[in-house]
Every structure is written in C-alpha cells, then in structure tokens.
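Here the structure is laid out as structure tokens; the discussion comes afterwards.
The values are calculated or read from the model by the stated rules, or taken from the named source; none is laboratory data. Note that the coordinates shown come from a computational prediction; the quantities given were computed from them, not determined experimentally. All Cβ positions, glycine included, derive from the backbone under ideal geometry; neighbour counts span all protein chains shown. Heads up: the accessible areas ignore ligands, DNA and RNA and are worked out on the full protein's heavy atoms, side chains in. Shrake-Rupley method; radii C 1.70, N 1.55, O 1.52, S 1.80 Å.
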Amino acid sequence: MFTKAAVLTALTAAAFAVAAPAQAETAVTAALPTANMEAVLKAAQIDPRRADDTQTPGAHDSVLLVEQALQAKGLLASTYVDGYFGTTTITAYSQYQKSLGYTGIDASGLPGKTSLEKLGEGRYTVTSPVSAGSHVTYHGETLNTRTKAMLVAAEGIFGSSVSLTQGSYNPGGVDASAGTHDGGGAMDISVSNLSSASRTNLLKALRKVGFAAWLRTPAQGFAYHIHAMAISDPDLSSGAQHQTGDYYLGMNGLAGRGADDGPSVTKVTWEEYQRG
C-alpha cells in the first residue's frame, strides 16, 4: 500500500520525466547562434561589388553562419566560407533558392526571410528580418509596401508629393533600365517641374530614408529623371543589387561605375532610418 508521500514523490518524478525533453529542446534552440538578416542583406549587396575581399562591417558572423550552412549542403567550397558574401556565395545561395523551387528574382542570390530560415534550420535562428511586403499601387505605379512607406517618408521630408514614371516589378518595361525595375524597390521619378535646387533636395530626402538615388541626365543618355532603388529590399533584381552595392561604395550606379554625383548623406537602410 502506497503512502501519501510515496504517491507525491512518484507524481513529481513523472512530471520531471515529461518536462525534461521539452526543456532540453528549448535549451538547444536557445543555444543556436543568430544570423542578422539586415547584416546579411547589406553584405550580399556590397561585397560582390568590391574590388577586393574587404568585408562589410558588422556582417562577418552572420554571413559566416550562412556560408557554413551552404557548405553543409554541398553548395559552397570551404575556401569561400570566410564571412565575405562575394559572387561565389551569391551563386551558391542562388542555387539553394532554386533547390527550393524559386525562380526569377526569388532566386537571385539575395537572401529572403523564408529561404534564410530554411537554410538555418538546426544551425542558426534569424534575427532582424526584412520584408518587402505586398504589391501596392502608389502614384499610379506598382511598388511594394516597404518601398511605398519609404517614399511617403521621403515626400514628408521633401515637403511635396512626387510623380512616378516607372515603378517596380516591371520586367522588360524600359530597355534603358537594364533590368533594375524587374524586381522590387525600384522607381523613377519625374523632375520636369523641379528646379536644380529642388532636385538636389529631393535626392537628399530619398537618400536619408534608405534609397540609393541619382539624377539621370541627357549627358548620361537619359531624359532627366531621378532613379531610386530601395536599399536591402529582398525583392531587388540582380541589376538593382549591383546598383545599391555601388552606391555604398561611392559610385553612380551606371555601367561605367563612375563616381557618385549625388548629394552626400549618411548611407542607411530603411530599417536603420526608422531606428534613428
């Protein structure tokens, strides 16, 4: 016959036996390192455009986790597991995206939240996720919700709304755009009714909230307009990724990779701007 104390002891032991596996699983999950998506995205835009293997500040640890996961899947040689998200890592990540069934801009080698999380299962957890959001119409053109929010903020700084001549997700829309509008984060802005000073002020406003933005001119082979790319938009086309990377490296976003001819501002992403 069991005593009351014996019964309580048995119940307590059973409770611990049930809870232990769950606690152990939680401990394993908590022990996983973290990959910062903002840092990974920034490196994936900038590193492939560098002339050397200088790494993007603050991105090494997160990029290394991604590269180690790619290596584990047989997509990246150990030589390139170094924290530098160069062209070889871009290619490997694109192959991984394609293995998940992604095509087009979804397999450009620029990490998205879903693929980054799938790649890291059991290896790392993703922090500071970045989302392009859904497609919306703004000023008569297609953007995504992240880009629209950025433009609204820039218009607030500028003090006036703008007129768009081309938006995003417009593959093959304008030959001179060289595919930069095929994905998200891209837009062209009319400057036909703006003075030179106003154009500069608008460029400053766009850059302050996280756009890589330049005034395109007839001397460059374009009608006057502002071309802007939302830095770190997960839906950027390959051409747009190159332009945002070149912007960080002080270039004008054109094929000749000339010096940046726009106003000088502190380069930030939309997320960094929001945090102040």
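Please verify whether residue 182 is buried (at least 19 other Cβ atoms within 10 Å of the Cβ), outside any loop (DSSP other than H, G, I, E, B) and of a type in the set (Asp, Glu), treating the condition exactly as stated.
no
Out of curiosity, is residue 151 more than 30 Å from residue 71 (Cα to Cα), assigned to a strand (DSSP E or B) and of a type outside the set (Asp, Glu)?
Answer is no for this residue.
Restricted to region 154-179, and to residues that are touching an Asp or Glu at 6+ places or on another chain (Cβ under 7 Å), at pLDDT 95 or above and not in a strand (DSSP E or B), which residue is most open to solvent (accessible area, probe 1.4 Å)?
Applying the filter and picking the extreme gives 161.
What tally of residues in region 59-100 results from selecting those that are among the small types (Gly, Ala, Ser) and in contact with a Lys or Arg (Cβ under 9 Å, 6 or more places away or on another chain)?
Qualifying residue count, region 59-100: 6.
Test of understanding: among 200, 244, which residue is within 18 Å of residue 154 (Cα to Cα), in contact with an Asp or Glu (Cβ under 9 Å, 6 or more places away or on another chain) and either at pLDDT 95 or above or of a type outside the set (Phe, Trp, Tyr) (or both)?
244 is the lone residue from the list that is within 18 Å of residue 154 (Cα to Cα), in contact with an Asp or Glu (Cβ under 9 Å, 6 or more places away or on another chain) and either at pLDDT 95 or above or of a type outside the set (Phe, Trp, Tyr) (or both).
Could you tell me whether region 140-152 includes any residue that is surrounded by 16 or more Cβ atoms within 10 Å (Cβ to Cβ), within 23 Å of residue 245 (Cα to Cα) and in contact with a helix residue (DSSP H, G or I) (Cβ under 6 Å, 6 or more places away or on another chain)?
Taking every residue of region 140-152 in turn, at least one turns out to be surrounded by 16 or more Cβ atoms within 10 Å (Cβ to Cβ), within 23 Å of residue 245 (Cα to Cα) and in contact with a helix residue (DSSP H, G or I) (Cβ under 6 Å, 6 or more places away or on another chain).
How about region 25-137: which helices (runs of 4 or more DSSP H) wholly inside it have at least 1 residues that are free of Cβ contacts under 8 Å to residues at least 24 places away in the same chain?
In region 25-137, 60-72, 87-99, 113-119 are the helices (runs of 4 or more DSSP H) which contain 1 or more residues that are free of Cβ contacts under 8 Å to residues at least 24 places away in the same chain.
Under 7 Å between Cβ atoms, which residue pairs at least 6 apart in sequence (or on different chains) link something in region 219-244 that is open to solvent by 10 Å² or more (accessible area, probe 1.4 Å) and among the acidic types (Asp, Glu) with a partner that is assigned to a helix (DSSP H, G or I) and modelled with pLDDT under 95?
235/105
Quick one: is residue 229 modelled with pLDDT of 95 or more, outside any helix (DSSP H, G or I), under 27 Å from residue 59 (Cα atoms) and touching a Gly at 6+ places or on another chain (Cβ under 7 Å)?
yes
Given the criteria among the hydroxyl-bearing types (Ser, Thr, Tyr), open to solvent by less than 10 Å² (accessible area, probe 1.4 Å), out of contact with any strand residue (DSSP E or B) (no Cβ under 6 Å at 6 or more places or on another chain) and assigned to a loop (DSSP other than H, G, I, E, B), does residue 192 qualify?
no
If the Cβ limit is 6 Å and pairs must be 6+ apart or interchain, which residue in region 250-276 that is closer than 19 Å to residue 226 by Cβ pairs with which residue that is open to solvent by 70 Å² or more (accessible area, probe 1.4 Å)?
Listed by first residue and then by second, the contacts come to 251/257; 252/261; 263/204; 265/204; 265/208.
I'd like to verify a number: residues in region 245-259 that are in a loop (DSSP other than H, G, I, E, B), surrounded by fewer than 18 Cβ atoms within 10 Å (Cβ to Cβ) and in contact with a strand residue (DSSP E or B) (Cβ under 7 Å, 6 or more places away or on another chain), how many?
Qualifying residue count for the region: 3.
Being hydroxyl-bearing (Ser, Thr, Tyr) and in contact (Cβ under 8 Å) with a residue 24 or more places away in the chain is the filter here; which residues of region 199-218 pass it?
Matches in region 199-218: 200 only.
Restricting attention to region 65-82, does a residue exist that is under 17 Å from residue 269 (Cβ atoms) and open to solvent by less than 10 Å² (accessible area, probe 1.4 Å)?
No, that holds for no residue.
So which residues in region 33-55 are farther than 12 Å from residue 82 by Cα and of a type in the set (Ser, Thr, Tyr)?
Result: 34, single match.
Within region 196-215, does at least one residue satisfy the condition of being in a loop (DSSP other than H, G, I, E, B) and surrounded by fewer than 19 Cβ atoms within 10 Å (Cβ to Cβ)?
Checked against the condition, which is being in a loop (DSSP other than H, G, I, E, B) and surrounded by fewer than 19 Cβ atoms within 10 Å (Cβ to Cβ), region 196-215 yields no hits at all.
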